[in-house]
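Just so it is clear, none of the values below were taken in a lab; they were calculated from the coordinates. As the structure is a computational prediction, the values presented were derived from the model and not from experiment.
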Amino acid sequence: MINPLGGTIADYSETAIPYPHRVGVLYQVLKTVSFFDQSSDTTPISLSRIAWLESLEKLLTPYVSSNPREAYANYVDLDLGVGNDNYEEASVWGERYWKRNNFKKLIQIKAKVDPKNFFRRPQGIPVF
């Protein structure tokens, strides 16, 4: 799925709201493979689909953000890393998702509204 970006969203600073992907970001690209049966992820057709997605990723690599590579928070990108256990683990990918200042703000909010980490996901905000 390719989502076009740009326009009015670029009028707001990266720190105005947690969504930081603004100036210079033309598109978001979501690539996915779904397996309805856990045993099906190693079948030849499944492996060929994964290989196709990997080749697409290589093709797009020169055109994505880098240093650090960024990702939209609602598109889990396991290549960036996972881990909700502590700030050090989570900051590896969290600062790419939300940018450094936004990530720190979200951690502070999470500590107040969800101190037991009830709302968690592979690349969610950790409890500090």
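Phi angles of region 97-110 translate, via the Karplus equation with coefficients 6.51, -1.76, 1.60 and θ = phi - 60°, into HN-Hα couplings of 5, 10, 6, 4, 5, 5, 4, 5, 5, 5, 5, 5, 5, 4 Hz per residue; Gly and Pro are given as x.
Backbone amide hydrogens, once placed in the peptide plane, bring Tyr27 within less than 5 Å of Leu5, excluding anything fewer than 5 places away on its chain. A straight Cα-to-Cα reach below 25 Å connects Lys104 with the lysines Lys112, Lys116, residues fewer than 8 places away in its own chain not being considered. For the set Lys31/Lys99; Lys58/Lys110; Lys31/Lys110, the pairs lying more than 31 angstrom apart at their alpha carbons are Lys58/Lys110.
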